[in-house]
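Chemist: This is the structure I have questions about; it appears just below.
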Amino acid sequence: MNADDPAPPAEQPVRRRVLVWDAPTRLFHWLVVALVAAAYATLKLNWIDWHVRVGEALLALLLFRVLWGCFGSETARFRSFVASPVAALRHLRHLFRREPDVQVGHNAAGGWMVLLLLSLLLLETLSGLYVYNEVADEGPLSEWVPAWIANAISMLHGLVWDALLAAVALHLLVITLYALVKGHNLVRPMLTGYKPLPASVAAPRQTPAWLALLMLVAGAVVVILLAAYL
């Protein structure tokens, strides 16, 4: 080989399809998308009874997600993707760098977005249970809450909704940037569960789906009790 000959292209690492998102995590994600859209539609149409039911279903899913984040599959667990703020900022410095996608689960910045969205959704659904409790029988806690606190909860419900819409818009913007700038398709793995990753990357551990069903039932029971007593 002559010195003037061009160098051969770098050999690409062998990739394989790896299951990174389990079925419970994917179902949670898309059901939340559908329920948030339904909450918006039922509110605009003044279908308050349906709005409340949608909120209760959403809260049950969120409680499941909290449990799944503690005991579920590896990529769904909070400890696997909640990084320090410094790590998140360091990751964002490379937002516009085109590079191969080797991330198994959420990246350092994406983990904080997940926490933000979950926190806003929990605040919105919990405050909504109190704000719309006149749809059902009045709960015993209603008489214990002063008027100013009740008004503050009602105001919080509206403010958090606006913050949630802003966070969703930011989430969609980042997904679009990743697709256009970095060449990473973040939507397909959340649909199929699989992502092509280097063969050297170990597949994340999966938790049985039946455990997810038990956690969902637990979340539903908690919501039923909250709806009766708030």
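Chemist: Order of W47, W148, W30 from fewest to most other C-beta atoms within 10 Å?
Modeler: On the way: W47 14, W148 8, W30 11.
Result, fewest neighbours first: W148, W30, W47.
Chemist: To make sure I understand, if each residue's beta carbon is the centre and we count other beta carbons within 10 Å, what order do L226, L95 fall in, fewest to most?
Modeler: So the ranking, lowest neighbour count to highest, is L95, L226.
Chemist: For a footprinting-style exposure proxy, rank Y178, Y229 by other Cβ within 10 Å, fewest first.
Modeler: Working: Y178 18, Y229 12.
Going from least to most buried by this count: Y229, Y178.
Chemist: When the chain is fully extended, how far beyond the present Cα-Cα distance does R16 get from A41, taking 0.36 nm per residue of separation?
Modeler: The R16-A41 span can extend by a further 4.9 nm.
Chemist: Fully extended, how many nm does the chain gain between S154 and H29 (0.36 nm per residue separation, minus their Cα-Cα distance)?
Modeler: Details: separation 125, 0.36 × 125 = 45.00 nm, distance 2.67 nm.
Net length gain for the segment: 42.3 nm.
Chemist: For helix 48-71, report the angle its Cα long axis makes with the longest principal axis of the Cα atoms of the chain; keep it between 0 and 90° and round to the nearest 10°.
Modeler: 50
Chemist: For an R0 of 22 angstrom, estimate the FRET efficiency from the Cβ-Cβ distance between T192 and H171 and round to the nearest 0.05.
Modeler: Efficiency at R0 = 22 Å is approximately 0.65.
Chemist: Spin-label point model (7 Å from Cα, Cβ direction): what's the M113 to V221 distance in nm?
Modeler: Simple spin-label model gives 3.6 nm for this pair.
Chemist: Then there is this: Using alpha carbons only, how many degrees (0 to 90, rounded to 10) separate the axis of helix 108-131 from the longest principal axis of the chain?
Modeler: For 108-131 against the chain, the angle is about 10 degrees.
Chemist: Out of (1) 21; (2) 43; (3) 36, which label holds the value of percent of Cα pairs over 30 Å apart that was computed here?
Modeler: Entry (3).
Chemist: While we're here: For R93 and A228, compute 0.36 nm times the residue count separating them, minus their Cα-Cα distance, and round to one decimal in nm.
Modeler: Details: separation 135, 0.36 × 135 = 48.60 nm, distance 4.76 nm.
Length gained between R93 and A228: 43.8 nm.
Readers should treat all values here as calculations from the given coordinates under stated rules, not as data from a laboratory. The shown structure was predicted, so the numbers you read here are calculated from the model rather than taken from an experiment. For neighbour counting, all protein chains shown are included, and Cβ atoms are generated from backbone atoms with ideal geometry for every residue, glycine included.
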